[in-house]
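As structure tokens, the structure follows; a few thoughts come after it.
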There are 2 protein chains.
Amino acid sequence: MNIGVVGSGALGLYYGSRLQKGGHQVAFLLRRDYEAITQSGLSVTSPHGDFHLPTVRGYRTSTEIGPVDLVLIGLKAYANEQLVALTRPLVGPDTVIVTLQNGLGSEDLLAEAFDPAQIIGGTAFLCCNRGEPGTVHHLDQGSVRLAEFTDGITQRLKDLTVTFNKADIPCEACTDLARIRWEKLVWNIPFNGLCALTGLATDRLLACAETRTLIIEMMQEVIAAANRQGLSEPIDANSFIRKMISATEGMDAYRPSMMIDRLNGQPLELEAIYGLPLQRAAQQGAPMTRVGMLYALLKITE
Amino acid sequence: MNIGVVGSGALGLYYGSRLQKGGHQVAFLLRRDYEAITQSGLSVTSPHGDFHLPTVRGYRTSTEIGPVDLVLIGLKAYANEQLVALTRPLVGPDTVIVTLQNGLGSEDLLAEAFDPAQIIGGTAFLCCNRGEPGTVHHLDQGSVRLAEFTDGITQRLKDLTVTFNKADIPCEACTDLARIRWEKLVWNIPFNGLCALTGLATDRLLACAETRTLIIEMMQEVIAAANRQGLSEPIDANSFIRKMISATEGMDAYRPSMMIDRLNGQPLELEAIYGLPLQRAAQQGAPMTRVGMLYALLKITE
């Protein structure tokens with residue numbers, strides 16, 4: 001399969017490298033890592049075994065890549081003004097566009113520019129950071145959930161999960177895109193923002209009684225709002241929160257992407273992870289008080 | 001009047017210097033400023049006119065001072081483990097103890113060690129920072145409200161307000177100590193903590209729509225909790241909040257004491273301003289959600 005990766009941050013580089021290792025033709029749209037990767041390839045460290053791809057097809061512009069079978073979008077949501085322009089040259093009539101961007105709004109934005117039937121949304125539960133140019137550190141987790149933007153579970157969705165699984169990317173086909181996006185928000189909303197705001201990794205926030213309680217209360221707010229969004233099946237707060245906390249404890253001292261963005265002086269994905277979910281929650285009469293406060297604190301400290 | 005000042009931070013030095021300028025005998029218990037003040041006196045800059053006290057009675061221990069007519073307590077609440085020991089040598093049978101400490105709990109702590117009838121509580125609405133040793137910068141405001149811990153408005157309370165007013169300290173006698181303490185918390189709870197957490201002064205927080213709303217919502221939470229504490233008269237949320245916001249806008253880019261404590265790597269007055277008010281609010285069935293979140297964030301970043 002011909003694959004183009006738009007947004008070659010930690011996520012894009014990691015999944016792209018897995019797919020190339022799995023035998024696919026992968027073209028990466030690169031900025032920071034262009035020199036390093038086109039000259040020396042891409043190195044991945046991973047608990048599943050380190051590997052190096054000596055030859056990687058890196059490009060500076062999307063037009064050099066041209067139409068592909070599959071576009072994999074890992075662009076940071078704060079760069080979404082460029083999303084359509086960066087994606088367009090890669091899209092032909094049969095191209096499938098898979099967006100793994102954080103938060104809400106990614107598919108809606110793509111659906112304004114492309115045929116909605118071409119769009120698949122997904123969430124990645126992945127602990128991964130970039131290292132030196134040309135290096136990606138996969139730390140933990142790594143599974144992906146995919147769902148059609150317009151339909152239920154199609155044959156192409158099933159085929160795509162097989163492709164991902166064969167490339168050592170644990171992948172599941174889901175019926176309800178809103179549900180998997182909101183489930184991801186249950187983790188992202190407390191941890192991304194609180195780690196970015198305090199400069200502390202996940203383990204520190206869970207070790208302090210007050211912030212551990214705060215995290216759980218924020219998860220409850222997000223689930224209450226999620227369950228008003230017309231999901232196919234509601235999220236069970238108790239069991240889902242237990243699962244999220246337990247998975248996070250297994251991550252040790254993890255520094256979420258938003259924390260790293262802040263430490264690097266980068267913008268934060270505030271609208272996708274906070275602004276839009278807060279709007280959707282308020283529209284459905286489930287205001288998220290603590291989430292709104294975190295949004296305000298992140299915004300004023302931008 | 002013989003006056004002893006315990007806690008010679010910005011507040012203790014400022015009010016102590018006004019009282020000395022007003023003709024009273026003032027003894028200051030000093031640490032950081034001992035050398036500077038005993039050698040060169042105390043300088044005050046103020047919008048009401050700068051002044052210098054060339055001779056100031058500074059001491060390193062309370063026993064050197066001995067019993068006084070009036071103890072003025074401005075000690076930071078995070079040092080309250082030492083409060084009784086520092087105060088005891090200054091207290092005789094007729095001594096009046098006036099505590100202007102922030103938050104809740106100060107009088108209760110003193111009442112365990114001294115005759116409750118000796119205690120007067122108060123709040124200071126004062127914008128004041130320490131400068132170089134021996135220098136205090138009075139920036140804005142400065143009024144004091146006093147109330148008996150055990151009784152209503154007594155003759156000695158009235159006399160004390162006259163003493164303060166004569167010394168250019170605008171002062172008012174109040175009947176309800178709990179009410180003036182909670183009114184002060186309406187300002188302290190949002191501004192002290194948010195400025196300390198974000199590192200931004202009051203004007204920046206009021207200029208951003210999200211944090212301005214957050215401040216108002218936190219004030220509403222505090223007033224709702226205050227109005228369940230059996231106050232003599234409830235606080236009217238709308239008019240009081242308007243007054244507080246307007247006064248704060250008049251302060252320009254003010255850095256509250258807790259922000260300065262954090263910038264200086266000092267501990268914060270968390271229990272007096274957040275911990276105890278949160279307990280009292282919860283006990284009366286008025287949980288303060290945003291205040292609790294701010295407390296957790298300040299605590300984890302200590």
Residue in segment B:212-225 that is small (Gly, Ala, Ser), within 14 Å of another protein chain (Cβ to nearest Cβ) and over 21 Å from B:ALA281 (Cβ atoms) present: no
Subset of segment A:17-50 (residues that are touching a Ser or Thr at 6+ places or on another chain (Cβ under 7 Å) and crowded, with 21+ Cβ neighbours inside 10 Å): A:PHE28, A:LEU29, A:LEU30, A:ASP33, A:LEU42, A:VAL44
Segments classed as strands (runs of 3 or more DSSP E), wholly inside segment B:109-201, with at least 3 members that are open to solvent by less than 60 Å² (accessible area, probe 1.4 Å) and at pLDDT 95 or above: B:119-130, B:135-148
Every residue from segment B:204-242 that is surrounded by 21 or more Cβ atoms within 10 Å (Cβ to Cβ) and either free of Cβ contacts under 8 Å to residues at least 24 places away in the same chain or in a loop (DSSP other than H, G, I, E, B) (or both): B:LEU205, B:THR211
Verdict on A:GLU269 being away from chain B (no Cβ under 14 Å), open to solvent by less than 30 Å² (accessible area, probe 1.4 Å) and either in contact with a helix residue (DSSP H, G or I) (Cβ under 6 Å, 6 or more places away or on another chain) or within 26 Å of B:ILE215 (Cβ to Cβ) (or both): yes
Counted residues, segment B:243-266 - those being part of a helix (DSSP H, G or I), open to solvent by less than 30 Å² (accessible area, probe 1.4 Å) and over 28 Å from B:ILE153 (Cβ atoms): 5
Single residue of segment A:280-297 satisfying the filter (buried (at least 22 other Cβ atoms within 10 Å of the Cβ) and under 21 Å from the mean Cα position of the chain (by Cα)) that is farthest from the other protein chains (Cβ to nearest Cβ): A:ALA281
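For (1) more than 16 Å from B:LEU11 (Cβ to Cβ); (2) free of Cβ contacts under 8 Å to residues at least 24 places away in the same chain; (3) in contact with a strand residue (DSSP E or B) (Cβ under 8 Å, 6 or more places away or on another chain); (4) of a type outside the set (A, V, I, L, M, F, W, C), each residue gets a yes or a no:
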site	(1), (2), (3), (4)
B:THR63	yes, no, no, yes
B:GLY74	no, no, yes, yes
B:GLN82	yes, yes, no, yes
B:LEU100	no, no, yes, no
B:GLU107	yes, no, yes, yes
B:ALA113	yes, no, no, no
Total residues in segment B:70-81, condition hydrophobic (A, V, I, L, M, F, W, C), more than 15 Å from the chain's Cα centre (by Cα) and surrounded by fewer than 20 Cβ atoms within 10 Å (Cβ to Cβ): 0
Failed criterion for A:VAL84 (all others in (1) under 22 Å from A:LEU276 (Cβ atoms); (2) surrounded by 18 or more Cβ atoms within 10 Å (Cβ to Cβ) hold): (2)
Test for B:VAL71: is it assigned by TED's automatic domain parsing to the domain that holds B:GLY9 and more than 18 Å from B:ASN129 (Cα to Cα): yes
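The values are calculated or read from the model by the stated rules, or taken from the named source; none is laboratory data. The shown structure was predicted, so the numbers you read here are calculated from the model rather than taken from an experiment. Neighbour counts are summed over all protein chains in view; Cβ atoms, including those assigned to glycine, are modelled from backbone coordinates with ideal geometry. When the accessible area is computed, the model is the full protein with side chains, heavy atoms only, and any ligands, DNA or RNA have been set aside. Shrake-Rupley method; radii C 1.70, N 1.55, O 1.52, S 1.80 Å.
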